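The values are calculated or read from the model by the stated rules, or taken from the named source; none is laboratory data. Here the structure is a predicted model, which is why all the values come from computation and not from measurement. So basically every Cβ, Gly included, is an ideal-geometry build from the backbone, and we count neighbours across all protein chains shown. When the accessible area is computed, the model is the full protein with side chains, heavy atoms only, and any ligands, DNA or RNA have been set aside. Shrake-Rupley method; radii C 1.70, N 1.55, O 1.52, S 1.80 Å.
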Amino acid sequence: MELWIILVAIYGILKGLREPVKKKALERDSLLGVLFVYTFIGFLMVIPTARDVFNLSFEVFCLVFIKSFSVFLAWILAFLSVKKMPVSLYGVLDLSRVIFSTLLGVFFLKETISLNGFIGLAIVLVGIYFVNRKKETGESEFNRKYIFYTLVSCALNAVSGTLDKYIMGMNAISADNLQFWFMLLMSLMYLVYILIKREKVNFKSCIKNPYIYLLSIMLIVADKLLFIANADPNSKVTMMTLIKQSSVFVTIASGKLIYKEKHILYKSLCALLIFIGIVLALF
């Protein structure tokens, strides 16, 4: 097995485990406190690998700012949704970002989509529809608005991913420097938001929250693995996309093992249907 496949598989595992870790972190501290400390620790971790970070054009900086603001909003909605809904359900809904990424690729990057692609995306929509029909009977009740928040978060993450591809295609900034500016801007945005809202954040408690550190490490390590895999000339984008999306099964399993969530088989079947749709869309 090639190294890049192993790296992307590890990325998928880490991505799948992030959702229950987010929920654990939010059980101990406030939403904005977790987000700020999480991003700031991530920023500190990427400083050593950044080089000549101020050698950046105004155009690229504006694009990185838009990307950062998209994720700033996406993470608020995502963390709020993870806090309120079962992680296994969130994991399945998170697959919808494939639809938004495909649409943005077609309309803004002028990518083409085949008949198989349309059929595959239709299957993805069917899978998402069915997972939303199942009532979470016996689990903690949550307002259905968090499903909408999750979908908006996926759309915003798709905007970020599209900008990633566009920015890196310009060859005007390295992956390390993009990560540096992204984490710095995100940290500043959350800090400013906390100050504007006059949110009471117990920073002392956040600093002692081990799940926040675990989240930061998982984020930075996973991104590094993905960067290395992307740099491998033998790596295939379609295969990488499939391996990354398989993280949903890790999230579903962790929801069962950690939070004793119900309807796991039903959610797994919906996730499998969506996964089949993604396979068809890619091939």
Pairwise label distance in nanometres, Asn55 with Tyr213, each label 7 Å out on the Cα-Cβ vector: 3.5
Whole-percent carbon and sulfur share, accessible surface of the range 1-95, 1.4 Å: 70
Global geometry of the range 177-283, whether rounded, prolate or oblate, following the gyration tensor of its Cα atoms and the 1.5 cut on a/c: oblate
Greater than 31 Å apart at Cα, pairs in Lys83/Lys110; Lys145/Lys200; Lys83/Lys197; Lys83/Lys244; Lys22/Lys224: Lys83/Lys110
Solvent-accessible area, 1.4 Å probe, carbon plus sulfur percent, for the range 134-270: 65
Residue-normalised accessible area of the chain, given per residue in Å² at a 1.4 Å probe: 49
FRET efficiency, 1/(1 + (r/R0)^6) with R0 25 Å, evaluated for Val221 and Leu195 via beta carbons: 0.25
Residue-count net charge about Gly117 - beta-carbon cut-off 15 Å; Lys, Arg +1, Asp, Glu -1: 0
Only Lys, Arg (+1) and Asp, Glu (-1) charged, at Cβ; the chain dipole about Cα centre in debye: 980
q = 0.23 Å⁻¹: log10 I(q)/I(0) that the Debye formula gives for the range 5-119, counting C-alpha atoms only: -1.33
FRET efficiency, 1/(1 + (r/R0)^6) with R0 51 Å, evaluated for Lys260 and Tyr166 via beta carbons: 0.75
Under 15 Å, Cβ to Cβ, from Leu156 - net charge with Lys/Arg +1 and Asp/Glu -1: 0
With DNA, RNA and ligands ignored, accessible area of Thr49 (1.4 Å probe; Å², nearest 10): 60
Given charges at beta-carbon only (K, R positive; D, E negative), |dipole| of the range 179-283 in Debye: 480
Nitroxide proxy distance, nm - points 7 Å out along Cα→Cβ at Val152 and Ile66: 2.0
The chain: calculated mean residue ellipticity at 222 nm from DSSP helix runs of at least 4, using -39500 (n - 2.57): -26500 deg cm²/dmol
